[in-house]
Amino acid sequence: MAGFFLALITGEVFPVLIISLFFELLWLDLIPAGTFIPPNAIFCVTSTTLLCGHFQLEHTGQIFLLMLLSIPGAYILSRIEGWYRIRQNKKYNQILRQSRDRFSTYNPGKMILQSLGGSFGVNLVSACLGIYFLAFVYPHLSGIFEFQRELDWSVILIAASFSALAGLRVKKAYISLVTGMILVSAALAWMQWPVLI
């Protein structure tokens, strides 16, 4: 959905939807359950889209490097969200005390609004700092790590779809995945093998 709205806002359908599809496939196996908070994929899609426009990136290799650089930020933002949730447990305890001891001051609606506003503010500030950091780091690293301009989006999406296969939790899917990787690797190695005359 983030990719869809960003495509509407920016007017750039391609590569915004492909970027969002890449991150959706990449973290498809990471399902939020219990206390586990998955990486913040919205940060990756948003930061990559904004910085593509800022740096006027056109080639797949340039965009892919930016996508890779945004991944650590997604994990950092999930850690910040976890820290904020732990901090909000104190508010929950306060609600319990008010409902039992001081019912006249019991106002859960106000605390919920404060919690939502605080969560929005923490995520917004963290995301903005992350985007500014990426804008500072990317020009320095783009000269060091250069991907081929001809890098195809289909190859990138196939690599990200390995996570979707891992999410199946079926032994036959794992066997098929490993077999396919071995066959593709063998075919690529055979094509690169020097021809003996």
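The values are calculated or read from the model by the stated rules, or taken from the named source; none is laboratory data. Treat the numbers as computed from the prediction; the structure is a model and nothing was measured. No Cβ is skipped: glycine too gets one built from the backbone with ideal geometry, and neighbour counts run over all protein chains shown.
In segment 72-94, the residues that are on the phi < 0 side of the Ramachandran plot and hydrophobic (A, V, I, L, M, F, W, C) form Cβ pairs under 8 Å with partners that are outside any helix (DSSP H, G or I) and surrounded by 13 or more Cβ atoms within 10 Å (Cβ to Cβ), at six or more places apart or across chains, as follows: Ala74/Pro39; Ala74/Asn40; Leu77/Pro39; Leu77/Asn40.
Among the residues of segment 1-52, which ones are surrounded by fewer than 23 Cβ atoms within 10 Å (Cβ to Cβ), in contact with a Gly (Cβ under 6 Å, 6 or more places away or on another chain) and not aliphatic (A, V, I, L, M)? Asp29 - this is the single residue of segment 1-52 that is surrounded by fewer than 23 Cβ atoms within 10 Å (Cβ to Cβ), in contact with a Gly (Cβ under 6 Å, 6 or more places away or on another chain) and not aliphatic (A, V, I, L, M). Look at Ile80 and say whether it is more than 15 Å from Val137 (Cα to Cα), among the hydrophobic types (A, V, I, L, M, F, W, C) and under 20 Å from the mean Cα position of the chain (by Cα). Considered against the rule, which asks whether it is more than 15 Å from Val137 (Cα to Cα), among the hydrophobic types (A, V, I, L, M, F, W, C) and under 20 Å from the mean Cα position of the chain (by Cα), Ile80 comes out as yes. Cβ separations smaller than 6 Å between residues 6+ apart or across chains give the following pairs from segment 33-47 residues that are over 13 Å from Cys128 (Cα atoms) to residues that are at pLDDT below 90 and not in a helix (DSSP H, G or I): Pro38/Trp27; Pro38/Leu30; Pro38/Pro32; Pro39/Trp27; Ala41/Trp27. Of all residues in segment 5-23, those satisfying the criterion of being of a type outside the set (Gly, Ala, Ser) and in contact with a helix residue (DSSP H, G or I) (Cβ under 7 Å, 6 or more places away or on another chain) are Leu6, Thr10, Val13, Pro15, Val16, Leu17, Ile18, Ile19, Leu21, Phe22, Phe23.
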